[in-house]
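Participant: I have a structure here, written as structure tokens, and I will follow up with some questions on it.
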Amino acid sequence: MAQQVADQGASPPAESVGGRPRRSIGSALPLALGGMLGAGLFVGAAPAALAAGPLLLLAVPLVLVLVACCALASAHQSASYRGPGAGYACVRARLGVLPARFAAATALAGQVAALGAVARVIAEHAMPAAPPIVASAVTLLVVLAATAGLRIRGVAAWVWLLLTLAVVALVIAVCFAIEPPPSPPVGAVQADGAIGITGAAGVLFFGFLGFERLTAPAEERDRHRGAIVKWGVIVSLIITGTLVSLLAWALLHQLGPARLALSGQPLLDALDAAAGGRLRQLIGTAVGLALFPVLLGILESLRSTALAVQRDQDLPAVLGRESRAGTPYLLDLCAGIAAAVVALLVQPVTAMAFAACCLLVHHALANAAARVLLADDQVWRMRSACLGMGLAVILAMSMPVHAMLGTLVVVIAGPLLAALVSRRWS
């Protein structure tokens, strides 16, 4: 029943090709943008400003190049390894069991942290009275909805995307409509040259995640033709890059790099600074609503990777048990509980940095596997995978120390736990 409700409003396919419905870019864009326009867009500018200061905008082209390389690699991997966890499956087939366990551990840990971070952002904007408790409740509520079969597609997905665009447009307009008053400095933000820019790009990478829902769908009903995937990714990156740049520019204009770097809620703080405090509750509620589909998208990606790992017996078989809606309810519940703990105990910026670092390591491995996969293909495609691998490593090494240490723990502990579950070390 939830599945039917969520898919209402989806346009019926005009025709079928090879037994699969022919789709248009209008159905492809919400898949990618529904995951990309999330907490990184609304909160990511603050930690990025802390890293790069006034040079924040220089990080956007860098992260766009990386995401384009990752999306291209992901699309090729999905064409060769269909089904859940195409990137992980390619790493296992091309690089071996141990690198695959590294990739799986970092992907799952990063996605759990991302769930917790987005839930905490929802709570802090929409229901700030008790954000940790509310964030945990929101996480479990979304997990239960997803387990019941809820999928936001078609017209419903476009409505949520338009809500996000409206929020961003309103904040940008308010920030530029009123000149910021001169104020004494609240702290010095020193941009540490290239390291600051790469560090900011690493944090902003969190705001571009979600493209794999289009490039490597877990289910055939979400798969699009190659040309649609190509243009869907291009348009999604242009839209996301433009929104991130304009919003970061507006926040820098209204708050300045120092105040922006110290802000926990940059959109709301910018409204207050621009004498738009009366819009605070409206924008906060709208941000909370706009982020609900992002939680579902993150859970879809987590489920895809986890099912592929469980298929290879590196996770307990019981996690693959399905509900009446056809969803792995035990897997969803475990992920939801872990994410609720993150939302309860960890600040969203900290969780975002850790998630971004983990997923940068994952995509470095995925690009390395894609480079082997494309060894006999066109040279530029193979080189784009090499570029993606190198950029992902550089950005991961530029992340905050706590994020790198947390990722190191995951890289060590993940394969050990997988070996204990499967009783195979290689």
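The values are calculated or read from the model by the stated rules, or taken from the named source; none is laboratory data. Here the structure is a predicted model, which means the values were calculated and not measured. Note: ideal-geometry Cβ built from the backbone for every residue, glycine included; neighbour counts use all protein chains shown. Just so you know, the surface numbers come from the protein's heavy atoms only, side chains and all, with ligands and any DNA or RNA stripped out. Shrake-Rupley method; radii C 1.70, N 1.55, O 1.52, S 1.80 Å.
Participant: Can you give the charge dipole size of segment 309-426 about its Cα centre, rounded to the nearest 20 debye, using +1 on the beta carbon of Lys and Arg and -1 on the beta carbon of Asp and Glu?
Facilitator: 100
Participant: Using a 1.4 angstrom probe with every protein chain in place, what is the largest-first accessible-area order of F206, F354, F176?
Facilitator: Ranked from most to least accessible, the order is F176, F354, F206.
Participant: Could you work out how far apart the two model spin labels at R423 and A79 are, taking each label as a point 7 Å from the Cα in the direction of the beta carbon, and quote it in nm?
Facilitator: Once both label points are built, they end up 4.1 nm from each other.
Participant: Work out how much length S24 to A275 would gain on full extension: take 0.36 nm times their residue separation and subtract the Cα-Cα distance, in nm to one decimal.
Facilitator: Taking S24 through A275 to full extension adds about 86.1 nm, to one decimal.
Participant: Which angle from 0 to 90°, rounded to the nearest 10, does the C-alpha axis of helix 131-147 make with the longest principal axis of the chain?
Facilitator: 30
Participant: Calculated from DSSP H runs of 4 or more alone, at -39500 (n - 2.57) each and per residue, what is the 222 nm mean residue ellipticity of the chain, nearest 500?
Facilitator: Calculated at 222 nm, the ellipticity per residue is -24000 deg cm²/dmol.
Participant: Could I ask something else about it? Taking the chain as the region of interest, what is the percent of Cα-Cα pairs per 10 angstrom bin, listed from the shortest bin to the one with the maximum distance?
Facilitator: Distribution as computed: 5, 23, 34, 26, 10, 2, 0 percent.
Participant: Taking all protein chains as present, what is the carbon and sulfur share of the accessible area of the chain, in % to the nearest whole number, probe 1.4 Å?
Facilitator: 69
Participant: With everything on Cα atoms, drop me the angle between helix 154-177 and the longest principal axis of the chain, reported from 0 to 90° to the nearest 10.
Facilitator: That helix lies at roughly 30 degrees to the long axis.
Participant: What does a probe at L165 reach in segment 219-238, counting residues whose amide N is under 18 Å from the point 7 Å along Cα→Cβ?
Facilitator: Flagged as within label range: 231-238.
Participant: How would R213, R92, R259 line up by accessible area, probe 1.4 Å, largest first?
Facilitator: So, going from the largest accessible area down, we get R259, R92, R213.
Participant: Follow-up question, since we're still on this one. Report M399's accessible area, 1.4 Å probe, all protein chains in place, as a number in Å² to the nearest 10.
Facilitator: Here the accessible area works out near 10 Å².
Participant: Same structure, new question: If you put +1 on each Lys and Arg Cβ and -1 on each Asp and Glu Cβ, how big is the dipole of the chain around its Cα centre, in Debye rounded to 20?
Facilitator: Result for the chain is approximately 900 debye, rounded to the nearest 20.
Participant: To continue, here is another question. Ordering E322, E219, E124 by accessible area with a probe of 1.4 Å, largest first, what comes out?
Facilitator: So the residues, ranked largest to smallest area, are E322, E219, E124.
Participant: Give the average over all directions of the projected area of the C-alpha convex hull of segment 206-279, one decimal, in nm².
Facilitator: Mean projected area for segment 206-279: 6.6 nm², to one decimal.
Participant: What does the accessible area per residue of the chain come to in Å², with a 1.4 Å probe and no ligands, DNA or RNA counted?
Facilitator: In whole numbers, the chain has 41 Å² accessible per residue.
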